[in-house]
Amino acid sequence: MRPSVRLLNLEVPSIHGARSLYVCSVCRHEARPRPIVARQFLRNASSANSLTEKVRRKIWGTDNPPGLKDPYGGEGVIERKFKNKHAQTVVEEETPEASQALDTAASEDAAPAADDYEPATTWEGLDRVGHLGRWFDIAPAATEVYESFQVKKKITKQGLLSLAAHQTVVELCLMHKLGKPLTSICEVVEHDQSVFKLIWKTKIVPASNGQWTAALEYPDKEAEEALVYIFEQVGGQNVAPEIEEVTQDVDVEDARSDTTDIVDMDGSKQPFFGYQRTRDNGFLSLSLDDPATKFAFLKRFSQLTGHFFPDPAVHSITTVQQVVDYVQNLAKPKPKKLAEYLANNPRYQSMPNVKVFAKRQKRSDRDEELGRKKLIEAELRARGLIE
Amino acid sequence: MTVQGIRTVTSARNGVGAFILQCKRLDFHYCDWAGSSRGMVSFLKHHLPSFAKANPQIEIRVSPRPHKHPVIKGHYVNGREKAICVRNLEPEQIFNKANLLKAASGEKLKRTKKPIASLNESVRGIWDPYHGGFKSV
Amino acid sequence: MFSRTALARAFALPIEQQCARFSVARACLHSTAAAASTTTKTTSTSPKNAHPTSPLTATPHVQTSSSTTSTTTSTSTSTSTSTTTTTSSSPIDLKKPVAPTFTSPLQLTQSLLAQLPQLTSQRPHYIVSHLHDRPYLLTQGDSIRLPFLMPKVKPGDVLRFNRASVLGSRDFSLKGSPYVDERLYECRVRVVGVDAEPLRVKEKTKRRRRHVQHIKSKHKYTLLRVMDVKIKTAEELLQEGAVVV
């Protein structure tokens with residue numbers, strides 16, 4: 001609303017009947033709502049049923065009294081101007097498409113209803129909108145299934161954690177070498193067993209300059225070619241079949257030699273196919289100074305292990321060793337309760353005069369200690385107060 | 001020697017022969033969650049073993065008291081007990097409080113004027129005008 | 001009350017030795033023929049012929065056993081302490097009392113030697129022991145609440161009081177001038193605990209100031225128990241090396 005009009009409202013409060021909208025403190029008492037009868041006299045004589053119109057008709061004795069319809073001249077100049085403007089803007093705001101759509105919808109609805117429309121008396125037989133509470137019976141669509149980025153069960157064992165870190169390091173080194181985007185390795189959720197075995201056999205020899213590209217030491221030339229070939233496919237469309245083809249022959253060679261390290265042959269449910277530990281620990285000293293490498297490493301590592309890294313932890317991490325340490329610290333939380341700590345403390349166990357309780361000692365415990373609990377309970381039972 | 005009445009059975013006077021510390025039990029209560037117990041938890045972790053070793057005659061009980069301030073409670077031979085709230089205190093201060101409870105006698109605090117309380121009857125007897133070396137009557 | 005001189009007299013060793021020597025020189029029984037300048041006297045409150053009913057030749061009393069135990073188990077400390085047979089079993093060497101060094105053996109006069117059995121054989125005994133120059137009249141089994149907190153003692157410690165002005169029984173008393181030699185008696189007390197008074201709140205006001213200051217104080221006091229009051233017999237004194245003058 002324009003300021004002048006607002007002022008107008010203030011000064012001529014009787015225009016729209018909104019008398020108490022803006023009232024200054026001086027004239028507040030004057031602006032109190034007056035009786036309706038008195039208000040009817042004021043203005044708007046132009047409306048047909050107003051009191052002034054009635055009076056005019058009575059005076060003239062006809063339904064169409066002569067003279068001006070509104071003896072007061074109708075609305076003022078400013079009011080009329082404002083009204084016109086307001087109407088124009090409102091019309092402009094309505095987009096033509098919307099109005100058309102509304103019109104068509106209204107006409108479509110109206111067309112069939114015009115002939116045989118019967119208002120329904122009950123809800124039976126009416127079309128349902130939504131599920132009306134039975135939504136959980138409906139099978140989920142393919143798009144609604146949630147697949148977790150991380151593994152469902154967090155990995156806490158130390159050997160498995162280092163396995164995951166080792167795998168991540170090997171993968172990232174290869175991606176560095178091939179010059180591919182580092183995080184695209186996360187598209188491969190799990191490798192084939194033979195590929196994993198190749199990765200597992202690969203050693204990490206950290207270079208002096210901290211480069212990730214030259215850190216790999218393959219078991220043999222063949223393995224290097226295979227790994228490079230596999231990782232060239234990562235990020236492409238048909239990854240899986242290629243990997244399977246390549247790994248077929250490698251599988252045959254290595255299957256016999258490395259069965260000793262596999263603890264559990266039922267690798268389908270086991271993470272890392274039952275492997276329990278890494279072959280060397282050279283990967284631990286690799287640095288994560290490069291932010292892109294650090295991000296890629298943490299992303300892949302958290303995907304493999306299921307651990308989340310909060311921002312402060314990410315900020316403080318500089319080497320792979322720290323990542324593994326951090327996750328291990330998370331995995332074994334300290335005993336929180338003091339009672340457990342004291343009970344586990346060997347200094348207390350040798351003390352004959354110290355007694356540590358894990359629970360709060362109540363009055364009933366005191367009764368039991370003094371040997372009167374049985375008496376109390378017997379008496380209570382005799383009176384029927386306890387069962 | 002004057003006539004003496006029948007002597008009563010001697011009442012216990014701790015310390016004349018054997019000495020028994022009046023504090024027989026100390027209860028340490030703490031809360032795992034509350035911050036006012038931080039000093040108490042630290043005391044129980046690090047200082048209590050040495051305290052218990054130094055005072056083998058006192059039974060020490062440690063039990064949680066959730067959602068309350070930490071408290072040390074001393075139980076005494078005379079059946080009374082004394083409790084000290086040790087909220088927000090440092091371990092050293094708590095150690096001092098525990099020593100205070102240990103050394104206390106367990107009696108209700110009283111203001112006394114006389115330093116000596118004796119159960120013995122007067123050594124020199126009650127003064128009597130007809131005995132003793134009176135010089136003149 | 002605790003003047004500096006009194007404290008110095010209580011704690012400092014040289015002064016104590018002086019005192020000891022001083023009292024040794026004066027410790028003799030009062031007799032009519034004795035020199036008038038001696039201020040140590042045994043006054044007999046009963047008529048001379050009224051001898052105590054208890055036998056004069058009392059055996060060394062039962063306290064010997066308890067005294068030996070106390071000396072072996074305890075670290076005896078007191079203001080101006082002296083223990084003759086303190087063993088070095090105390091855990092804290094700082095607390096070990098200063099052993100008295102007597103330059104001359106205890107001297108007994110003939111009159112003291114003659115009348116001492118009357119005092120030693122008549123039980124019970126009392127002692128007016130001085131601590132920080134305050135007298136405490138003690139008998140065996142009394143409980144003392146000192147008007148101060150004694151430092152560096154803990155419950156269970158045994159102290160030996162070695163500053164007494166009067167030793168006495170019902171009919172006899174041995175007065176020192178000002179103190180009796182500490183080798184004539186044994187008075188041991190046990191530290192029982194530490195007591196406190198109820199919290200005192202002192203309201204302090206100033207004029208025309210609508211404010212009341214509350215001063216709180218809660219003093220601590222040491223509780224003691226008198227273990228034994230023993231006056232050594234003449235035989236014991238001679239055995240310990242007393243010299244008859």
- [ ] Determine, yes or no, whether B:Ile58 is more than 16 Å from A:Ala339 (Cα to Cα), surrounded by 20 or more Cβ atoms within 10 Å (Cβ to Cβ), within 14 Å of chain C (Cβ to nearest Cβ) and touching a helix residue (DSSP H, G or I) at 6+ places or on another chain (Cβ under 7 Å).
- [x] yes
- [ ] Keeping to the stretch A:291-300, report how many residues are more than 22 Å from the chain's Cα centre (by Cα) and in contact (Cβ under 8 Å) with a residue 24 or more places away in the chain.
- [x] 4
TODO: Sort out which residues of the stretch B:86-106 are free of Cβ contacts under 8 Å to residues at least 40 places away in the same chain and surrounded by 15 or more Cβ atoms within 10 Å (Cβ to Cβ), and write them in order of number.
DONE: B:Lys97, B:Asn99, B:Leu100
Open item on the list: Which of the numbered conditions does C:His214 fail, given that it passes all the others? Conditions: (1) without any contact (Cβ under 8 Å) to a residue 24 or more places away in the chain; (2) within 14 Å of chain B (Cβ to nearest Cβ); (3) assigned to a strand (DSSP E or B); (4) not polar (S, T, N, Q).
Closed with: (2)
Open item on the list: Could you check the stretch A:183-215 and list, in sequence order, the residues that are touching an Asp or Glu at 6+ places or on another chain (Cβ under 9 Å), part of a helix (DSSP H, G or I) and closer than 19 Å to A:Thr293 by Cβ?
Closed with: A:Ile185, A:Ile199
Open item on the list: For the condition more than 11 Å from the chain's Cα centre (by Cα), of a type in the set (A, V, I, L, M) and outside any loop (DSSP other than H, G, I, E, B), what is the one hit in C:Val192, C:Val226?
Closed with: C:Val192
Open item on the list: Scan the stretch A:314-335 and tell me whether some residue there is surrounded by 11 or more Cβ atoms within 10 Å (Cβ to Cβ), within 14 Å of chain B (Cβ to nearest Cβ) and closer than 30 Å to B:Gln57 by Cα.
Closed with: no
Open item on the list: Residue under question is A:Asn84, and the condition is that it be modelled with pLDDT of 75 or more, loosely packed, with under 13 Cβ neighbours inside 10 Å, under 52 Å from the mean Cα position of the chain (by Cα) and of a type outside the set (Lys, Arg); does it hold?
Closed with: yes
Open item on the list: Of everything in the stretch B:15-34, what is of a type outside the set (Lys, Arg) and touching a residue at least 40 places away in the same chain (Cβ under 8 Å)? Give them in sequence order.
Closed with: B:Ile20, B:Leu21, B:Gln22, B:Cys23, B:Leu26, B:Asp27, B:Phe28, B:His29, B:Tyr30
- [ ] Kindly indicate whether any position in the stretch C:150-160 is at the interface with chain B (Cβ under 7 Å from one of its Cβ atoms) and free of Cβ contacts under 8 Å to residues at least 24 places away in the same chain.
- [x] no
Task: Complete set of residues in the stretch A:158-195 that are charged (D, E, K, R) and without any contact (Cβ under 8 Å) to a residue 40 or more places away in the chain - done: A:Glu190
Open item on the list: For a quick check of your reading of the model, give me the residue pairs whose first member lies in the stretch B:114-126 and is over 22 Å from C:Leu223 (Cα atoms) and facing chain C (nearest Cβ under 8 Å), whose second is in a loop (DSSP other than H, G, I, E, B) and of a type in the set (Lys, Arg), with beta-carbon atoms closer than 7 Å and at least 6 apart or on different chains.
Closed with: B:Val123/C:Arg170; B:Arg124/C:Arg170; B:Gly125/C:Arg170
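For (1) modelled with pLDDT of 95 or more; (2) touching a helix residue (DSSP H, G or I) at 6+ places or on another chain (Cβ under 7 Å); (3) crowded, with 23+ Cβ neighbours inside 10 Å; (4) not basic (Lys, Arg), each residue gets a yes or a no:
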site	(1), (2), (3), (4)
C:Asn162	no, yes, yes, yes
C:Lys175	no, no, no, no
C:Asp181	no, yes, yes, yes
C:Leu199	yes, no, no, yes
Task: Among residues of the stretch B:15-44, those that are of a type in the set (Gly, Ala, Ser), surrounded by 22 or more Cβ atoms within 10 Å (Cβ to Cβ) and more than 14 Å from chain C (Cβ to nearest Cβ), counted - done: 1
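The values are calculated or read from the model by the stated rules, or taken from the named source; none is laboratory data. If you're wondering where the values come from, they're calculated on a predicted model, not measured in any experiment. We place every Cβ from the backbone using ideal geometry, glycine too, and count neighbours over all the protein chains shown.
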